[in-house]
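Notes for the one structure printed next.
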Amino acid sequence: MSPFELSEPQTLQDAVAMLDASDTGIRPIAGGTAVMLMMKTGIFQPDRLISLRGIESRYSEVSVDDAGDLHIGAMTPLRRLEKSEEAAQAAPVIRRALRRLSNVRVRNVATLGGHLAHGDPHLDLPPVLIALGARALIVGASGERVIEIEDLFRGYLETALAPDELIAEVVVPAQGTRRATYMKHTTRSADDWPALGIAVSLELNGDEVGSARVAIGAATDTPRRLKSVEAALAGKALADETMQAAGDAAAAEAEVHSDARGSAAYKRELIRVFTRRAVRQIMEMGTGGAV
Amino acid sequence: MAGGSTTTVGHSYPRMEGRAKVTGRAEYIYNMRLPSMLHAKVHRSPISHGRILSIDTSEASAMPGVHHVITGEDVKKVLPEPYYGPAFHDQPILALDKVRHFGEPVAVVLATDPHIAETAAQRIVVDYEELPAVFDEVEALTSDVIVHEELKPAGTFADLKHLAGKRDTNIALDYHLQHGDADKAFADAEHVFEHTFRTQQTMHTPFEPMVALADVRNDHATVYSSTQGPSFVRFELARLLGWPESNVRIKTAHLGGGFGAKVYVKVEALAMALSLIAHRPVRVALTMEEQFYTITKHPSTFRIQSAVDKDGKVIGRKCEVWWNGGAYADIGPRVTQKSGFTAAGPYDIDNVAIDSYALYTNRPPAGALRGFGIPQLVWAYESHTDIIARELGIDPIAFRKQNILRNGRPQAVGTIVKDGEFEAVLDGVAERMNWNRPFDKGSGTKLRGRGVGLGFKASISPTTSSAIVSVNADGSCIVYCSTVDMGQGSDTAMAQIASEVLDIPIEKIRVVNPDTDVTPYDMSTLGSRSTFHMGHAVRLAAGDARDKLHAMAEEVGMPEGSNAPLPELFIRKFGMRAGAIVGSANYIPEFSPPNYDTGQSTNATPFWMIGATGAEVEVDTETGQLTILRLVNVCDIGTPINPIVVETQISGAAVMQLGFTLTENMVIENGQLTNPSLADYKIPGFFDMPDTMENGYIDAVQENGPFGAKGAGESGTFGVSPAIANAIDDAVGVRISEMPITAEAVFRALREKQGKPLEEN
Amino acid sequence: MGGQKKTIGFTLNGRRVAADIGVHQNLTEVLQEEFGLFGARESCGQGLCGCCTVLVNGIAVTSCLSLAAFADGADITTIEGIADGETLSAEQDAFIETGALQCGYCTPGFILMTKQLLDENPDPDDDAIMHYLSGNLCRCGAYPEILKAVKLAAQKRKAG
């Protein structure tokens, strides 16, 4: 690894001030699992890293506000999020998705903010958070802004974040009676990067789907919503035909490419099958509250 | 020597080095540092085939902290013929004139700080004229792309000499076997079958990457290396240097895995050359990525044909095997020949013709990997055998038993089989799988099937092992042998053998790490040969020491049966606690070389290794996804020296082969290896294990083996791949003929069968 | 070259220590070069094999992907620190007794993860064990024996 310099600010504001919109050789480092990998392979050779580890502890906390919205500090390690009872109450799909996300050691140090800011389409929480309708609070030199997670991802390892902006917090709105699931599928070994991840969140009115949010990761260039699938589900009866239609819509809408994990044609079939299975799983969860 | 009651041999002693390993204190060469050493970082070729036009080292050399930047031409100044290899002297220490594979070492930076060496290595600029490349073994046979202008056999193997100086061919070795009259059998046959099977390029991925530290000073070279074959490395480095072997010392420690990756010369010649140039100790420590450029397992193509009579008896078999050896031959020609003669499978077939070819291509070099080519062959002949049984409507196990090789019958190479329990091994699998009971074939989109595979291997022969056993005056004992313990438990096995022969408790026995200045010659730790060959050498050396102890006892007036403790014996003889009784032995089994034209030999191997696997699988027909419900591995390993270690060997071998079967694959696209890392080259983890796995060995005795034992390190790999393919066929009626068996391959085959083929992209 | 230096102080296997390091150095490297501890070792270099596992402030981390600079002020335990003098830990004993190791290169990582798992969950079932250890790889394929070792270690810990 080529040498670089390291700054260790004690506040988020100081950290932001140390970043430079015009200098991509200066980068933040949080848990560091992804940055270290890129530096070790020589893909990324920074001049200076700004460690976020020393910033205010409130950015590592998980809480629920009066409205029932879940607030997750961007510096929260994934393992802490996984163990958080508040998160498990508010959106149990998060804990379930985390259980199979990378491994315990990575989850121990990788942070939610880093996970999202990395912009790697193969990660698990982006589709989950998109399906949950989550948003991110972003802090930059010019102030704060809020962005929907679905608008965060712009391309492979590219996000809407400017080089001098940091994610401060992620907010998952109260889910009410919505239920969600996440299905990920690996085509080589079990611990491989996924070939696809499908997150589905449904509002159910009896045997009918109210509204639907469906997001895909891994198979597409960026994690994204699949709006034709949402349309195929909204207002429809929870029946086999609906699930079939959702799967077909997903296979038709998702733009996929061939890679080491499978050909595009094969991945389209996987998307069809796993979208259907995800919807079925929600249906089979029964009507007992949020899952 | 077989049978009888033993007190130490045959018991499940925990590994001698267990404590060192669980406390993190075990000695590995990767942990070693030498005073004033330099770190080496290799600059590697980014293309698969090309001419080197120029190498610009100026920017790298100018970096503070860089001591040397060394190219192939620099090496040539100190070693005029800087080529090495066990079969061909074809591999340059650093590329000269040409690069022949992606990742080939081209130049090296030496620096005191490894980070500086790494950064500087990236700043070396090499200009290439890229040449067309050949990657496929069958294409290489007729390709205009010639990997080596001239073939240079090492002279080590007599049967390669005819290739010396041959030009315009990629064939490094062709091997032929004729047994009976195959053409006539095919003319007489009721049924004829023909199939082609392929295997992919894979890699050993030992977790301790290859490493060598060399310290060359004056007329002596010391190389600390994670090698499986210190004696061979000494031989080869001495040859390169033009020095007597006594001036070259190779030391090893425990190896963090080997699996065949660390046999012959890997990074030792480079480390030695760098130290020779720099006049300082040099450490060459590869990364996991760099191992992928260093040695791999042969991809292969196998066209197999069978002639079967009306009763289901296989009367003839023709085998054509093409081995993709990559850019440098390494031990590939031996793979071609030694595996070649078992290519027709463990069956009693009167008429066999085998043609086996080792090919040069522009892939990273291929060598030995746990089975020496056998798993590639078994993949083909056991898939083929299964297809025949199914097409003839005969139960796959019954069909195998009808044709199986039995003791007293000649194998295709002409050697009469002795202590080869093929049928018992197959029965062992069938029994554990309850083969004769009804089997739940699943329903809906989850369909189940089961299959078996049976394979075998001859031991590499003739090879020599030497051992020294020294009994100390306090009654403790040291075993000196060059067998390398890379996790297979050989130190423990050798200690058990010495303990048994000398009646000294195993706790008082130490097995010395190989050091060619101290431990005597051994051919190498490979091919499951150590238990048999070194086991005999240690047994004989211990016996020699025991005889000397008996003589000494008699001399000092303590005849046999007096049962005097050893320390008292030494005190009586030497007047105090002093002296040592040293036994030594060489062991080489009997062997008859094969006839060059027919490949026939009356004694081709000292023992046969046999392994079978049964698999039960479930296929998700909507995705092609496979679940291995059950994997049963049964081997003939003779009588085990250490049962628990043998069981873990069988289990580990099967797990490794499971990876090669399902997930592991080195992918070359546009001349570049795209996945040289564990992130993209997927070895099995916890969740890739079969739901249940059973491993065992049959009751057997290898009559000519030490305490009835024979090798056990590879047999667990043999049957895994075809057992799974056969089970898939049983479950969903599709046949996969190319490894790895991916879910997509199964899904595509299913769609093909339904008449709805999936589009290419 | 050489880059920025930093003096770090931390607790290593119960002892206060300090080291001058380059901020680009990873923790595995510093444990090896500055403290002669080789039980955490880099193999895959990508956090997948777990050979470099150490415990930092009581949680398992991939030391080859951790900057040593971040160890400043931390409490670090390596495989060399979990035996009580000559008495091996329950996990270490269990791995030897079940034959859950072959080449031994991945063993320290598996043992530290086992210790972490049992600290969190004294009575894990197979699924919990596999989930917890799925980020460690064993090329010798000793997974079935490792599963047995973890269960035996759990028993040993309960027996005290």
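The values are calculated or read from the model by the stated rules, or taken from the named source; none is laboratory data. Bear in mind that the values here come from a model prediction, so they are computed numbers and not experimental data. When we count neighbours, we look across all protein chains shown, and the Cβ atoms used for this are built from the backbone with ideal geometry, even at glycine. Each accessible area value is taken on the protein alone, full model and side chains, heavy atoms only, with ligands, DNA and RNA left out. Shrake-Rupley method; radii C 1.70, N 1.55, O 1.52, S 1.80 Å.
As a length-normalised measure over Cα pairs under 8 Å and 6 or more apart, the relative contact order of the range A:57-172 settles at 27 percent. Once the partner protein chains are put back, the range C:96-113 shows a loss of at least 30 square angstrom of accessible area, versus the chain by itself, at C:Ile96, C:Leu101, C:Gln102, C:Cys103, C:Tyr105 (probe 1.4 Å, ligands and nucleic acids excluded). With protein chains left intact and a 1.4 Å probe, residues in chain C average 32 Å² of accessible area per residue. Chain A against chain C buries an accessible area of about 2500 Å², both chains summed, 1.4 Å probe radius. Residues whose amide H comes within less than 5 Å of that of B:Thr112, counting only those at least five positions distant or on another chain, are B:His39, B:His67 (H built at 1.01 Å from N in the peptide plane).
Per the Debye calculation on the range A:179-284 with a single equal scatterer at every Cα and no solvent contribution, log₁₀ I(q)/I(0) for q = 0.15, 0.21 Å⁻¹ amounts to -0.54, -0.99.
For the range B:570-629, the set of GluC sites (Glu not before Pro) satisfying both a DSSP loop assignment and a count of at most 12 other C-beta atoms within 10 Å is given as B:Glu590. By the combined test of axial Cα extent (at least 20 Å) and Kyte-Doolittle hydropathy (mean at least -0.5), the qualifying DSSP H helices of chain B come to B:374-392, B:530-555, B:643-662. Of the Cα atoms belonging to the range B:292-438, the radius of gyration and Dmax stand at 16.6, 50 Å. Only Cα sites of the protein assembly as shown enter the Debye sum here, all with the same form factor; the resulting log10 I(q)/I(0) across q = 0.07 1/Å is -0.71, listed in q order.
Only the Cβ atoms of Lys and Arg (+1) and of Asp and Glu (-1) were treated as charged; on that basis the dipole of the range A:57-150 about its Cα centre amounts to roughly 540 debye. Note on the range B:362-460: Cα-only Rg and Dmax are 16.6, 50 Å.
Whole Å is fine, so just give me how far the alpha carbon centre of the range B:470-503 lies from that of the range B:6-21. What the calculation gives is 11 Å, centre to centre.
Accessible surface buried at the A:B interface totals approximately 2000 Å², computed with a 1.4 Å probe on protein heavy atoms. A 1.4 Å probe run over chain B, with the rest of the protein chains in place, finds 33 Å² accessible per residue. Among the protein heavy atoms of the protein assembly as shown, carbon and sulfur supply 47% of the accessible surface, probe 1.4 Å, non-protein parts ignored. Across peptide B:481-488, the average count of Cβ atoms from other chains found within 10 Å of a residue's Cβ is 2. Of the peptides C:60-72, B:668-680, A:246-258, the ranking by mean beta-carbon count within 10 Å, highest at the top, reads C:60-72, A:246-258, B:668-680. Residues of the range C:52-74 that lose at least 30 Å² of accessible area (1.4 Å probe, protein heavy atoms only) when the other protein chains are present, relative to their chain alone, are C:Ile59, C:Ala60, C:Thr62, C:Leu65, C:Leu67, C:Phe70.
About its Cα centre, the range C:4-160 has a charge dipole of approximately 120 debye under the convention of +1 per Lys or Arg Cβ and -1 per Asp or Glu Cβ, with nothing else charged. Mean residue ellipticity at 222 nm, helices only, chain B: -8000 deg cm²/dmol; runs of at least 4 DSSP H residues each add -39,500 (n - 2.57), and the sum is divided by the number of residues. Under the combined filter of DSSP loop state and at most 13 neighbouring Cβ atoms within 10 Å, the range B:575-632 retains these chymotrypsin sites (Phe, Trp or Tyr not before Pro): B:Tyr596. With contacts taken as Cα pairs under 8 Å and at least 6 residues apart, the range B:265-394 reaches a relative contact order of 26 percent.
Take the Cα gyration tensor of the range A:57-172, multiply each eigenvalue by 5, square-root it, and list the three semi-axes largest first, rounded to whole angstrom.
20, 17, 13
Summary of the geometry: the range B:424-468 and the range B:126-157, compared by the centres of their Cα atoms, lie 38 Å apart.
DSSP beta bridges fully contained in chain B are about 80 percent antiparallel.
Run a plain Debye calculation on the range C:1-50 (Cα atoms as equal point scatterers, no solvent) and give log10 I(q)/I(0) at q = 0.14 Å⁻¹, rounded to two decimals, same order as the q list. Evaluating at q = 0.14 Å⁻¹ gives log10 I(q)/I(0) of -0.41. Think of chain B as a dipole: +1 on every Lys or Arg Cβ, -1 on every Asp or Glu Cβ, centred on the Cα centre; then among B:Ala498, B:Ser677, B:Ser300, B:Ala498 lies furthest on the positive end. Mean per-residue shielding of peptide B:740-750 is 3, counting Cβ atoms of other chains within 10 Å of each Cβ.
For chain B, what is the charge dipole size about the Cα centre, in debye to the nearest 20, if Lys and Arg each add +1 at the Cβ and Asp and Glu each add -1 at the Cβ?
It works out to roughly 1200 debye.
Extents of the range C:48-96, taken as max minus min of Cα coordinates on every principal axis and listed largest first, are 33, 26, 14 Å. Normalised by the residues of the range A:34-100, what does the relative contact order come to in percent, with Cα pairs under 8 Å and at least six apart? Once normalised by length, the contact order is 21 percent.
Inter-chain Cβ neighbour count for B:641-651, averaged per residue, equals 3 (cutoff 10 Å, partner chain atoms only).
In a DSSP loop and with at most 11 other Cβ atoms within 10 Å, the GluC sites (Glu not before Pro) in the range B:697-761 are B:Glu759, B:Glu760. Calculated on the alpha-carbon coordinates, the convex hull of the range B:246-331 measures out at 190 cubic angstrom per residue. Taking the DSSP beta bridges with both ends in the protein assembly as shown, the antiparallel portion is around 80 percent.
Beta-bridge orientation, chain A: approximately 85 percent antiparallel, per DSSP, counting only bridges with both partners inside. Rg of the Cα atoms in chain B, relative to 2.2 N^0.38 Å, amounts to 0.97.
Chain B and chain C together bury an accessible surface of about 4100 square angstrom, both sides counted, with a 1.4 Å probe and no ligands or nucleic acids included. Overall size of the range C:90-159 from C-alpha positions, given as principal axis extents largest first: 29, 23, 17 Å.
The alpha carbon centroids of the range A:30-92 and the range B:314-370 are separated by 54 Å.
Pairs with C-alpha atoms separated by more than 21 Å, drawn from the list B:Lys262/B:Lys418; B:Lys313/B:Lys338; A:Lys184/B:Lys446, are B:Lys262/B:Lys418; B:Lys313/B:Lys338. Principal axis analysis of the Cα atoms in the range A:5-51 yields extents of 31, 23, 14 Å, listed in decreasing size.
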